[in-house]
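J.: Before we start, here is the structure in question, set down as structure tokens.
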Amino acid sequence: MEDQQTYLGVTFDKRLTWKQHIMSAEAKARRKLNIMRKLAGTNWGANEKVLKSVYEGNVRPHLEYGSSAWFTAAKSHHQALDKVQNQALRIITGAMKSTSIARMEEITNIPTLSKRRECKAMIQATKYKSLPDHPMKEILKQLSSGRLKKSSFTLETRALQRKHQEHLPNQVQPIVFETNDHLCTEKEDSVDIQTAVPLLSAKNEQSEIVRKAVTMTMLDEKYPSENWKVLQALSNNKLPQLERTIYSLKSLKTVVQWIPSHCGIIGNEKADKLANEGAKQDQEENAVSFTEMKTIIKSLHNTPQQQDSYHQLSRPEQTIIFRLRTGHNRLNQHLYRVMKVIPSLMCPCGEAEQNTEHFLQTCKLHLAQRQKIWDQPTSIKEKLFGSLEDLQKTARFVVETGTQVSRRTTRRRRSVNVAFHR
Ligand SMILES: [Zn+2]
């Protein structure tokens with residue numbers, strides 16, 4: 001008798017607590033985290049973009065492997081994994097320990113692990129539903145008895161489904177496995193499992209493409225990707241609907257070609273008008289395909305990356321800017337209030353508390369450097385959230401004043417250690 005067994009890289013334990021699996025995943029991820037530590041320090045090394053891709057490519061996969069199996073595990077197990085991600089975020093941003101996790105997630109655009117687990121579970125449930133004879137299909141359909149139950153894949157995914165109900169289409173098309181047409185014609189009756197390809201084209205997209213092809217709006221430059229899709233669909237004959245339409249049009253002798261849009265070509269303007277009218281009409285509500293559903297679920301869980309010149313800075317500049325933005329830096333106010341390592345929060349000038357605003361805007365000790373770098377009064381917003389040039393100026397100001405925003409002096413390091421040991 002074995003208490004645990006690993007199958008396809010997932011460790012199953014006797015009571016399905018997933019503890020062993022999650023612990024070994026955490027250990028693996030932590031080992032990989034060391035790669036990131038070797039790549040950058042606070043003031044040197046790779047920038048946020050590089051570190052982020054190292055994290056997403058080398059560390060995070062360990063934290064997520066098989067998550068749709070074990071995502072029902074206890075919260076405390078999940079938290080062990082979340083901690084690894086938080087550490088990685090701190091390495092990526094070069095932030096101090098006290099910095100809030102939400103701020104680091106925001107700037108790096110790395111979603112929480114729980115959000116990603118939810119997304120994966122929902123996709124998995126959708127897949128079960130769209131596979132014609134998967135044993136999970138019926139189980140997912142059954143109504144729950146309403147009794148108190150241990151959390152299970154079915155219950156959890158159902159709850160997630162309800163949570164996002166208004167954004168999700170009602171029906172998923174079954175995944176149909178069809179044989180590839182031209183493979184059949186080459187060697188008749190000898191289609192084996194390898195030549196059978198899953199046909200995963202989206203139905204809503206299909207009708208869109210057909211309408212486009214018929215009205216010849218593929219000539220509109222505004223949507224190059226869609227045009228490309230239309231041409232691709234035409235050339236590989238993947239959409240039977242489109243093929244039929246083109247066939248019925250063949251009696252009219254159709255020619256498909258690229259021409260510039262909106263420059264007074266009568267036929268083109270007409271086609272454009274027709275297409276617009278068609279788009280305004282009631283669209284039949286089709287069940288969406290699995291791939292389309294997957295895209296929808298993913299978009300529910302992803303936030304687009306914010307445009308920010310922060311991402312173009314070098315490592316030392318990024319650290320300085322992020323620390324000034326969050327207020328978690330080595331200026332006296334933070335060291336006194338949060339880190340509790342120095343006796344006073346006053347600026348050496350003695351006029352005010354030393355925080356980001358006082359340091360950047362008013363402190364008289366740095367007047368000369370400030371005037372040298374900014375020849376006219378600049379708002380703090382511009383200095384911290386402005387263009388690439390603005391941010392670089394701020395970073396240069398920090399370096400030239402010799403103020404410790406991110407670098408530790410030996411004296412301070414000693415005092416920090418004392419504080420931690422206590
Ligand atoms: Zn001052």
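The values are calculated or read from the model by the stated rules, or taken from the named source; none is laboratory data. Remember, it's a predicted structure, so these values are computed and weren't measured experimentally. Because the Cβ atoms are built from the backbone with ideal geometry, glycine has one as well, and the counts that use them run over all protein chains shown.
J.: Name, by its number, the condition in (1) modelled with pLDDT under 90; (2) touching a Cys at 6+ places or on another chain (Cβ under 7 Å) that does not hold for residue 332.
T.: The number of the failed condition is (1).
J.: What are the pairs with Cβ atoms under 9 angstrom where one residue, in the stretch 4-25, is at positive phi and the other, located anywhere, is in a strand (DSSP E or B) and of a type in the set (S, T, N, Q)? Sequence gap at least six, or different chains.
T.: 18/11
J.: Also, quick follow-up: Which residue out of 16, 51, 8 is in contact with a Ser or Thr (Cβ under 9 Å, 6 or more places away or on another chain) and exposed (fewer than 15 other Cβ atoms within 10 Å of the Cβ)?
T.: Working: 51 fails: exposed (fewer than 15 other Cβ atoms within 10 Å of the Cβ); 8 fails: in contact with a Ser or Thr (Cβ under 9 Å, 6 or more places away or on another chain).
Being in contact with a Ser or Thr (Cβ under 9 Å, 6 or more places away or on another chain) and exposed (fewer than 15 other Cβ atoms within 10 Å of the Cβ) holds for just one of 16, 51, 8, which is 16.
J.: Just give me the residues in the stretch 104-146 being in contact with a Phe, Trp or Tyr (Cβ under 8 Å, 6 or more places away or on another chain), in a helix (DSSP H, G or I) and either without any contact (Cβ under 8 Å) to a residue 40 or more places away in the chain or assigned by TED's automatic domain parsing to the domain that holds residue 60 (or both), in sequence order.
T.: 107, 125, 136, 137, 140 - these are the residues of the stretch 104-146 that are in contact with a Phe, Trp or Tyr (Cβ under 8 Å, 6 or more places away or on another chain), in a helix (DSSP H, G or I) and either without any contact (Cβ under 8 Å) to a residue 40 or more places away in the chain or assigned by TED's automatic domain parsing to the domain that holds residue 60 (or both).
J.: Which of the residues spanning the stretch 325-334 are within 15 Å of the ligand (Cβ to nearest atom) and in a helix (DSSP H, G or I)?
T.: 332, 333, 334
J.: Would you check if residue 138 is farther than 30 Å from residue 316 by Cβ and buried (at least 18 other Cβ atoms within 10 Å of the Cβ)? Reasoning before the result, please.
T.: Details: farther than 30 Å from residue 316 by Cβ: yes; buried (at least 18 other Cβ atoms within 10 Å of the Cβ): no.
So residue 138 does not fit the description; no.
J.: Something else: Exactly one of these conditions fails for residue 337: (1) assigned to a loop (DSSP other than H, G, I, E, B); (2) surrounded by fewer than 19 Cβ atoms within 10 Å (Cβ to Cβ); (3) away from the ligand (no atom under 16 Å from the Cβ). Give me its number.
T.: Every listed condition holds for residue 337 apart from (1).
J.: Let me ask something else. Starting from the stretch 323-340, take each residue that is assigned by TED's automatic domain parsing to the domain that holds residue 357 and among the small types (Gly, Ala, Ser) and list its partners that are part of a helix (DSSP H, G or I) and crowded, with 17+ Cβ neighbours inside 10 Å, counting only C-beta distances under 6 angstrom and pairs at least six apart or across chains.
T.: As it stands, the answer is 327/356, since those pairs meet every condition given.
J.: Right, another one. Taking residue 295 and the conditions (1) farther than 18 Å from residue 386 by Cα; (2) away from the ligand (no atom under 14 Å from the Cβ); (3) at pLDDT 90 or above, which numbered condition does it fall short on, given that it satisfies the others?
T.: If we test residue 295 against (1) farther than 18 Å from residue 386 by Cα; (2) away from the ligand (no atom under 14 Å from the Cβ); (3) at pLDDT 90 or above, just (3) comes out false.
J.: Determine whether residue 343 is assigned to a loop (DSSP other than H, G, I, E, B), within 10 Å of the ligand (Cβ to nearest atom) and surrounded by fewer than 17 Cβ atoms within 10 Å (Cβ to Cβ).
T.: So residue 343 does not fit the description; no.
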